[in-house]
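Below is one structure, written out as structure tokens, with a few remarks after it.
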Amino acid sequence: MASLKETKNRISSVQNTLKITSAMKMVASAKFHQSQVAAKKVHNYEQSMLMLLNNLMEGRDELDFVFATERPVKRVALVPISSDSGLCGSFNSNVLKMAEEQIEAYQKEGIELILFPVGEKITHSLRQTYPVQEDGRHLVNKPTVEKCKAFTGLLMKGFQAGSYDKVVFLYHHLKTATRQVLSDEVMLPYTPAEKQLSTVKPQERITEPSAAYFLRSLFPQVLCTRIYNAISESLVAEFAARMTAMQIATDNGNDLLRDLTILYNKTRQQTITSQIQDLAGGRIRRE
């Protein structure tokens with residue numbers, strides 16, 4: 001059985017750890033609510049931009065738009081998004097696991113992969129095994145429109161030049177505060193979603209100077225918004241995962257603290273009982 005001093009030191013250590021986990025939970029909670037509000041605004045803007053783009057493309061099959069043209073897939077740009085820091089449960093390990101599964105699946109099909117990891121954790125993990133492009137590594141560290149524009153331009157330039165035939169993002173979507181769903185999304189080539197089309201007939205739409213010119217000007221902004229939205233959603237999911245992980249750690253710490261307190265009291269009681277018996281035994285012998 002551990003001595004009183006050892007048990008007391010363990011209690012003190014657990015109490016200090018609980019202060020850290022509680023503080024981290026409060027910080028994660030505040031950041032979660034802030035990022036959730038910001039992500040909601042980005043999502044609404046993205047939906048408006050997508051509706052405008054999709055309505056522009058609807059019924060205009062004559063438009064020769066390279067970023068919406070599907071071609072045989074020989075090379076794929078894979079963009080997994082993780083966090084910059086840990087202590088968020090299985091958030092980063094799930095991204096790494098799915099990325100490795102995708103890599104293995106594409107390699108079996110004979111498809112070449114170009115990796116653009118976003119976030120310190122996934123970049124550090126992947127570059128130990130695979131060659132990676134680190135252009136998007138710091139995107140999740142205070143993401144801005146300017147950073148996303150630069151990354152968007154890089155992906156569009158590579159797709160247009162034929163360096164890859166498909167761009168796939170892996171990132172978390174927030175379902176509830178305790179549940180984050182990891183999924184993949186094809187960013188390029190772009191495919192309009194039917195639910196985002198309006199009821200206005202294509203022949204009733206008028207564009208100036210031309211639909212093709214408007215499309216070329218609009219699409220980089222739309223893709224930038226989609227990438228910004230993906231990073232925003234991933235950040236919200238990260239803070240939710242960290243908040244949940246810190247709550248679980250705090251609960252486990254409280255359970256451990258309760259067990260250690262019981263152990264300390266039992267050990268102390270046994271020590272006191274033993275000392276009383278020694279005193280009583282010494283007095284009996286003297287008599």
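General remarks:
- Gyration tensor (alpha-carbon) shape descriptor, the range 2-88, a/c threshold 1.5: oblate
- Percent of Cα pairs in the range 13-169 per distance bin of 10 Å, from zero to the largest separation: 9, 28, 33, 21, 7, 2, 0.
- The chain: relative contact order as a whole-number percent, Cα under 8 Å and 6+ apart: 32 percent
- Once backbone amide H atoms are built at 1.01 Å from N, Leu182 has His173 as its partners under 5 Å, excluding neighbours fewer than 5 places away on the same chain.
- Neighbour-count ranking [beta-carbon atoms within 10 angstrom, fewest first] of Met49, Met246: Met49, Met246
- Candidate membrane-span-like segments in the chain, meaning DSSP H helices with Cα atoms spread over at least 30 Å of their own axis and a Kyte-Doolittle mean of -0.5 or above, are 4-57, 211-286, with no membrane implied.
- Neighbour-count order for Ile276, Ile81, Ile111, fewest beta carbons within 10 angstrom listed first: Ile276, Ile111, Ile81
- Computed over the chain with a Gaussian network model linking Cα atoms closer than 10 Å, the most mobile of Ala230, Ala77, Ala177 is Ala177.
- From least to most packed, judged by other beta carbons within 10 angstrom and beginning with the fewest, Ser83, Ser234 follow the order Ser83, Ser234.
- In summary, the lysines within cross-link reach of Lys108, defined as a Cα separation below 20 angstrom excluding same-chain residues under 8 places away, comprise Lys74, Lys97, Lys166.
Each reported figure results from applying straightforward, stated rules to the coordinates on display, with no laboratory input. Predicted, not measured: the structure shown is a model, and the values here were computed from it. Cβ atoms come from the backbone with ideal geometry, glycine included; neighbour counts cover every protein chain shown.
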